[in-house]
Amino acid sequence: MERVDRCVVLVDAGYLLGAAASLLAGEPARSRITVDHAALIQGLRERAEADTEQPLLRIYWFDGAPDRVPQPEHRRLRVMSRVTVRLGALTRSDGRWAQKGVDAAMHAELTELARNRACSDVVLVTGDGDLLPGLMSAKEHGVAVHLWAVQAADGDYNQSEDLVAEADERRVLDRAWITRAVRAKETGGPCAPPPAARNSEIAAILSAPLPEAALAASAERGSRAQAEAARDDAPTAPDESAAPTPNNHAGRGVPTPKDLAGTLRGPGTPPVQPATQPPPAGATLRWSSDRGWVERGGPVGEPPETASLPTLAHLTSAEQRWADREEDITTVGGDPFEVGQVFARRWMERLPETVHLQKLSTMYPRVPHRIDGELLRYAARFGLLAHKDDQIDEHDRYAIRAGFWREIDVRAAAEHAPPLPEKHAQPVGQEERTAPAGD
């Protein structure tokens, strides 16, 4: 069988992105970096073809995922040209995530490519010495092996010396090359939007510290309520501030909306008013939908003022649904804040009447039940709400809704902005992309 003169790139994503995070953010957590995957793939292709002087056959992207379920980045990658995604398992042990099966998959792919003479050159982007047998096998079949390393942070060595010794060629992807597609996230909270009227409240939610004090206060309120109930034989309406909610996962280190509201309003302030009364000015952290905040024993049905609001599903045609799915797969990054923005943008663009937007804007921060449920189901497509322990990440919920309200605010402000002089008027359809002054 004649060997084909072309190159293949095998990428250990855990190594590449973990080493990039160490280099740019000081720690190997991939959550500390933002990756432009399209730019990264293009950079890998150009570098491989230049180094090997052969055309690219394919880039194999090896990564781990919980239960081997593709995450947003994997869905974006696998629809790119000349990219194949191979997933191993991602398991959590002793508080740390670990990949299982990735090295074995890379070894199998490498040896199979070499045995079938599918390429003349293989580029390995990895640092794991477990791939040494596969590298040696590829060399025995006449394949030239190029080993790429990521520039190590603080002079540390992040690659197996045995791999380095056996590789035919070795290159280092330095900081300048990495920063073309990868950057460190800014500290100070995830996806904090520019300043706006409501953003101080949104920022308080997104950047809230671990709620030891809030959880302790919540537990104290619950104990006090139980003690009072035991002393009192007569039935009384439960205290809204002490009532447990499904979102109050004590001990998980994540604040509930009520915990945050009690913490941010400070000690000694009155409890949150029941949902049947107008909310006080400071009670702006009621992120749950209508159904989750009705008073105990009250009607469970949706309030009439929100029942008239159309859902995105009702506003979306079959053709738009296909286009939405295409956009979700190819361009939407899957960041919680971005997901909320995309959902809100689509909902607003398809509204037949602006009165619905005005009505929704007055309900801040409570998302009507039907729209809120649809929003969270949409977010679940990106893996944001699907956790192995079947628990919902509260910070993701806050960020999703914060992105939703941020987009609503921008559009509502544009609707009320004074019209521009005729000679400076914007083209039709551009007003929704214009941010209000100060944003």
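Worth pointing out:
- Pick from region 120-164, criterion of a type in the set (A, V, I, L, M, F, W, C), touching an Asp or Glu at 6+ places or on another chain (Cβ under 7 Å) and part of a helix (DSSP H, G or I), ranking: surrounded by the fewest Cβ atoms within 10 Å (Cβ to Cβ): Met136
- The residues of region 78-119 that are β-branched (Val, Ile, Thr), touching a strand residue (DSSP E or B) at 6+ places or on another chain (Cβ under 6 Å), over 21 Å from Asp5 (Cα atoms) and surrounded by fewer than 17 Cβ atoms within 10 Å (Cβ to Cβ) amount to a single one, Thr91.
- Scanning region 1-45 for residues that are within 16 Å of Leu57 (Cβ to Cβ) and part of a strand (DSSP E or B) yields Cys7, Val8, Val9, Leu10, Val11.
- Residues being of a type in the set (Val, Ile, Thr), surrounded by 17 or more Cβ atoms within 10 Å (Cβ to Cβ) and touching a helix residue (DSSP H, G or I) at 6+ places or on another chain (Cβ under 7 Å) - total across region 338-378: 2
- Residue match in region 113-123 (condition: of a type in the set (Lys, Arg), within 28 Å of the chain's Cα centre (by Cα) and over 21 Å from Val150 (Cα atoms)): no
- Against the numbered list (1) touching a residue at least 40 places away in the same chain (Cβ under 8 Å); (2) in a strand (DSSP E or B), Arg117 comes up short only at (2).
Throughout, read-outs are computed from the coordinates displayed, never taken from laboratory work. Every value quoted in this text rests on a predicted model; they were computed, and no experiment measured them. Don't worry about glycine lacking a Cβ; one is built from the backbone with ideal geometry, like all the others, and counts go over all protein chains shown.
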